[in-house]
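Colleague: To start, I am sharing the structure in question, which I have written as structure tokens.
The values are calculated or read from the model by the stated rules, or taken from the named source; none is laboratory data. Please read these numbers as outputs of a predicted model, since none were measured by experiment. Neighbour counts run over all protein chains shown; Cβ positions are idealised from the backbone, glycine included.
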């Protein structure tokens with residue numbers, strides 16, 4: 001009985017929040033600011049390092065492990081962009097890290113479309129694909145994030161589909177050693193917190209499809225938390241669709257990165273020989 005009452009309460013919050021929001025905001029725009037923090041993963045190589053060495057590497061990679069983003073959205077569209085940040089040590093942008101981090105990402109929920117610009121070693125790609133399919137499991141657990149009441153939802157998503165723009169030497173070695181037999185698909189467990197008080201289906205990165213804006217999401221070694229929301233700003237930003245780069249799908253882009261990095265590795269090994 002308690003579970004049923006909690007579910008009814010969640011549905012009531014979603015219904016009344018959505019109704020009042022739509023009535024008072026026939027046309028609107030919002031901006032959500034997110035802080036992302038990732039834990040350091042050094043793979044097999046890291047096992048040989050001392051605690052002091054790991055701490056030093058973490059300090060040098062802070063600009064990759066901690067990032068800030070802005071999600072600008074209306075009812076159907078959104079654009080997700082990283083705020084510019086300089087390397088705290090060198091005073092320069094992180095050119096290596098930019099090769100494997102998400103570029104500006106446009107999503108259109110009504111059209112089931114995602115368009116993302118990616119730069120890989122000076123070459124630009126325009127990655128066009130459908131939105132990431134996510135089968136959310138809706139929970140009844142709630143918590144406050146700032147002034148907003150949020151509810152928990154979980155999902156299990158293939159890791160490669162979440163991190164299609166990234167690269168891992170461990171994954172490359174695994175792919176090289178793969179046999180023709182079917183292997184188990186690595187999955188990432190995702191925990192999201194959304195607020196029906198802003199009844200749009202947007203969220204950061206690949207995440208979307210809940211009955212409210214996603215304010216917090218944890219997946220793998222990364223957590224993203226919304227730190228500020230501005231609704232209906234006086235100066236509205238145009239949600240522009242990225243256009244720069246060679247058109248390609250997510251899967252094609254992933255294969256392109258892998259092939260280039262395999263070529264890079266083989267050339268280095270060849271020179272050593």
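Colleague: What number of residues within region 120-139 are under 15 Å from residue 166 (Cα atoms) and not in a strand (DSSP E or B)?
Modeller: The qualifying residues number 1.
Colleague: Being outside any loop (DSSP other than H, G, I, E, B), over 29 Å from residue 249 (Cβ atoms), modelled with pLDDT under 80 and under 24 Å from the mean Cα position of the chain (by Cα) is true for just one of 88, 52, 59. Which residue is that?
Modeller: Of the residues listed, the single one that is outside any loop (DSSP other than H, G, I, E, B), over 29 Å from residue 249 (Cβ atoms), modelled with pLDDT under 80 and under 24 Å from the mean Cα position of the chain (by Cα) is 59.
Colleague: Ok, one more. Given 238, 247, 189, which one is modelled with pLDDT under 95 and either more than 19 Å from residue 83 (Cα to Cα) or under 22 Å from the mean Cα position of the chain (by Cα) (or both)?
Modeller: Exactly one residue qualifies, and that residue is 238.
Colleague: Considering every residue within region 215-231, establish whether at least one is farther than 19 Å from residue 34 by Cα, surrounded by 11 or more Cβ atoms within 10 Å (Cβ to Cβ) and in contact with a helix residue (DSSP H, G or I) (Cβ under 8 Å, 6 or more places away or on another chain).
Modeller: Scanning region 215-231, I find no residue that is farther than 19 Å from residue 34 by Cα, surrounded by 11 or more Cβ atoms within 10 Å (Cβ to Cβ) and in contact with a helix residue (DSSP H, G or I) (Cβ under 8 Å, 6 or more places away or on another chain), so the answer is no.
Colleague: Residues that are at pLDDT below 95, touching a helix residue (DSSP H, G or I) at 6+ places or on another chain (Cβ under 8 Å), surrounded by fewer than 14 Cβ atoms within 10 Å (Cβ to Cβ) and on the phi > 0 side of the Ramachandran plot: does region 118-126 have at least one?
Modeller: yes
Colleague: Just a yes or no: is a residue in region 234-246 surrounded by 14 or more Cβ atoms within 10 Å (Cβ to Cβ) and in a strand (DSSP E or B)?
Modeller: no
Colleague: Kindly establish whether residue 172 is within 27 Å of residue 264 (Cα to Cα), at pLDDT 90 or above and surrounded by 15 or more Cβ atoms within 10 Å (Cβ to Cβ).
Modeller: no
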